[in-house]
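Undergrad: One structure is given below, represented as structure tokens, and several questions about it will come after.
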Amino acid sequence: MKVLVLNSGSSSIKFQLFAVATWRAIAAGAVSRIGEDEGEVSYRWTDPQGHSRTDETRLPIPNHRDGIERIVAGLQAGGVLADLSELAAIGHRVVHGGERFQRPTLVDDAVVEAIRDMIPLAPLHNPANLDGIEVARTLFPGVPSVAVFDTAFHQTMPSTAYRYAIPEYLYLKHRVRRYGFHGTSHQYVGERAAAVLGKPFDRCNLITLHLGNGASATAIRAGRSIDTSMGMTPLEGLVMGTRCGDLDPAILFYTAEQLGLDNQALDDLLNRQSGLLGLCGVNDMREIHRLAAEGDDRAELAIAITARRIRKYIGAYYAELGRVDAIVFTGGIGENDAEVRHRACAGLENLGIALDDSANLSADRGERAISAAHSQVKILVIPTNEELAIARQALAAVGGG
Ligand code: ADP
């Protein structure tokens with residue numbers, strides 16, 4: 001049996017196909033630039049003889065239906081999916097599940113309507129996610145679709161963490177509260193961290209740091225999210241590639257007035273022109289390190305602000321949790337950037353948090369501990385794998401696994 005994972009965005013669909021027996025990804029790729037004059041379909045797969053193969057085709061892909069048809073046709077042509085009946089489930093990444101969805105959910109008409117109802121909360125993401133689901137249900141009516149929500153893991157947060165100190169009707173009537181995102185990743189690395197610690201997840205207190213283009217921190221008590229840095233939208237919290245993270249909300253009125261900006265322009269300013277990009281003109285952390293090494297002060301400041309914000313959240317979540325078994329780094333920056341990890345943990349020795357510098361700097365990949373032997377709190381690097389987590393949760397939701 002196999003599980004297909006689809007991550008449908010507005011102009012692209014990423015996919016991975018997993019073999020349930022081994023949980024290995026036997027094919028992966030993306031359809032991109034949907035709706036443009038020239039689109040692209042790219043595949044990596046392992047053929048039945050065990051050889052790695054790749055393929056790239058450029059052609060117009062008018063819509064999501066065409067994109068998903070091409071993905072499945074390519075999997076069949078590559079010999080990794082002989083027949084649709086091999087698919088136990090299709091797992092769909094869905095960004096916003098609001099308060100309604102607390103776990104991966106088998107899709108039926110009512111679930112489709114509920115995801116549609118969440119569109120005002122995630123106007124950029126949920127429509128595209130929904131497109132993927134509706135197309136898959138139409139094209140492959142015999143294969144169950146499962147929606148796996150970025151917000152679901154955080155639904156265990158108490159109201160003291162998820163409510164904002166603004167008038168109550170905004171929550172009751174307009175659903176304004178903290179939801180949190182990256183939940184699939186925080187849960188996955190949390191469970192892996194528990195395995196590395198040799199403790200059941202439901203006995204672990206963790207601070208998980210997902211640091212990629214988007215970035216968020218989560219406080220996990222006894223295996224449940226009790227606080228997270230992203231809020232009603234993914235804009236709140238840590239400094240990100242192009243998002244500002246925490247901000248004095250009055251900056252919005254001030255900037256709107258001074259620069260004559262409308263809502264759309266403000267949204268663009270804070271979601272796409274801010275963060276690392278806003279601070280130093282570049283949003284790729286590797287490039288920022290190169291610039292800083294050449295003496296670029298703005299790049300140095302961008303790294304310092306990023307690391308300081310992470311350290312602040314570690315301190316805040318330490319205080320919330322009281323006892324912390326491990327701090328977990330993941331995402332492109334969390335997994336690879338020893339400098340940011342070093343700065344984020346610097347000066348926390350009195351909290352029992354101490355890095356082992358050579359383990360931190362080592363070129364090792366994979367799941368590993370990078371804390372000093374005397375560190376009371378373990379510091380772990382755990383590569384995230386959201387697609388694998390979605391595949392496993394999708395299979396579990398249809399009663400397999
Ligand atoms: P996304 O959130 O888009 O999935 P990733 O998790 O892949 O993003 O993270 C992308 C970020 O990780 C980029 O800022 C990139 O520069 C950074 N990154 C990747 N590899 C390294 C590395 N070796 N050192 C520092 N930063 C890295």
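Undergrad: All but one of (1) of a type in the set (Asp, Glu); (2) without any contact (Cβ under 8 Å) to a residue 12 or more places away in the chain; (3) surrounded by 14 or more Cβ atoms within 10 Å (Cβ to Cβ) hold for ASP109; state the number of the condition that does not hold.
TA: Looking at each condition in turn, ASP109 falls short on (3).
Undergrad: Residues that are away from the ligand (no atom under 12 Å from the Cβ), within 20 Å of ILE220 (Cβ to Cβ) and not in a helix (DSSP H, G or I): does the range 276-283 have at least one?
TA: no
Undergrad: Going through the range 45-67 one residue at a time, which ones are among the charged types (D, E, K, R) and surrounded by fewer than 16 Cβ atoms within 10 Å (Cβ to Cβ)?
TA: ASP47, ARG53, ASP55, GLU56, ARG58
Undergrad: Out of the range 310-334, which residues are crowded, with 19+ Cβ neighbours inside 10 Å, assigned to a helix (DSSP H, G or I) and within 16 Å of the ligand (Cβ to nearest atom)?
TA: First pass over the range 310-334, keeping only residues crowded, with 19+ Cβ neighbours inside 10 Å: 310, 313-314, 317-318, 324-331, 333-334.
This time we only want the ones that are assigned to a helix (DSSP H, G or I), so: 310, 313-314, 317-318, 331, 333-334.
Result: ILE310, GLY331, ILE333, GLY334.
Undergrad: Could you tell me whether any residue of the range 174-187 is open to solvent by less than 30 Å² (accessible area, probe 1.4 Å), touching a residue at least 12 places away in the same chain (Cβ under 8 Å), under 14 Å from GLY97 (Cα atoms) and assigned to a helix (DSSP H, G or I)?
TA: yes
Undergrad: Determine whether the range 68-78 contains at least one residue that is buried (at least 17 other Cβ atoms within 10 Å of the Cβ) and part of a strand (DSSP E or B).
TA: Scanning the range 68-78 turns up no residue that is buried (at least 17 other Cβ atoms within 10 Å of the Cβ) and part of a strand (DSSP E or B).
Undergrad: Moving on. Residue under question is SER145, and the condition is that it be open to solvent by less than 10 Å² (accessible area, probe 1.4 Å), among the small types (Gly, Ala, Ser) and touching a residue at least 40 places away in the same chain (Cβ under 8 Å); does it hold?
TA: Details: open to solvent by less than 10 Å² (accessible area, probe 1.4 Å): yes; among the small types (Gly, Ala, Ser): yes; touching a residue at least 40 places away in the same chain (Cβ under 8 Å): yes.
The answer is yes for SER145.
Undergrad: I need the full set of residues from the range 309-327 which are touching a Cys at 6+ places or on another chain (Cβ under 8 Å) and over 12 Å from ARG221 (Cα atoms), in order please.
TA: Step one: filter the range 309-327 for residues touching a Cys at 6+ places or on another chain (Cβ under 8 Å), giving 311, 314, 325-327.
Selection gives ARG311, ILE314, ILE327.
Undergrad: Another one. Exactly one condition in (1) at pLDDT below 95; (2) closer than 20 Å to VAL146 by Cα; (3) not hydroxyl-bearing (Ser, Thr, Tyr) is not met by PRO48; state its number.
TA: Failing condition for PRO48: (2).
Undergrad: Contact list please: Cβ distance under 7 Å, first residue in the range 228-241 and surrounded by 23 or more Cβ atoms within 10 Å (Cβ to Cβ), second residue of a type in the set (Asp, Glu), pairs at least six apart or on different chains.
TA: SER229/GLU236; MET230/GLU236; GLY237/ASP246
Undergrad: For ARG103, state whether it is among the basic types (Lys, Arg) and touching a residue at least 24 places away in the same chain (Cβ under 8 Å).
TA: Yes: the conditions hold for ARG103.
Undergrad: Evaluate the following for LEU270: is it open to solvent by less than 30 Å² (accessible area, probe 1.4 Å) and either at pLDDT 95 or above or part of a helix (DSSP H, G or I) (or both)?
TA: Working: open to solvent by less than 30 Å² (accessible area, probe 1.4 Å): yes; either at pLDDT 95 or above or part of a helix (DSSP H, G or I) (or both): yes.
It is true that LEU270 is open to solvent by less than 30 Å² (accessible area, probe 1.4 Å) and either at pLDDT 95 or above or part of a helix (DSSP H, G or I) (or both).
The values are calculated or read from the model by the stated rules, or taken from the named source; none is laboratory data. Small disclaimer: the values here were computed from a predicted structure and weren't measured. Don't worry about glycine lacking a Cβ; one is built from the backbone with ideal geometry, like all the others, and counts go over all protein chains shown. Remember, those area values only see protein heavy atoms, side chains included, never the ligands or the DNA or RNA. Shrake-Rupley method; radii C 1.70, N 1.55, O 1.52, S 1.80 Å.
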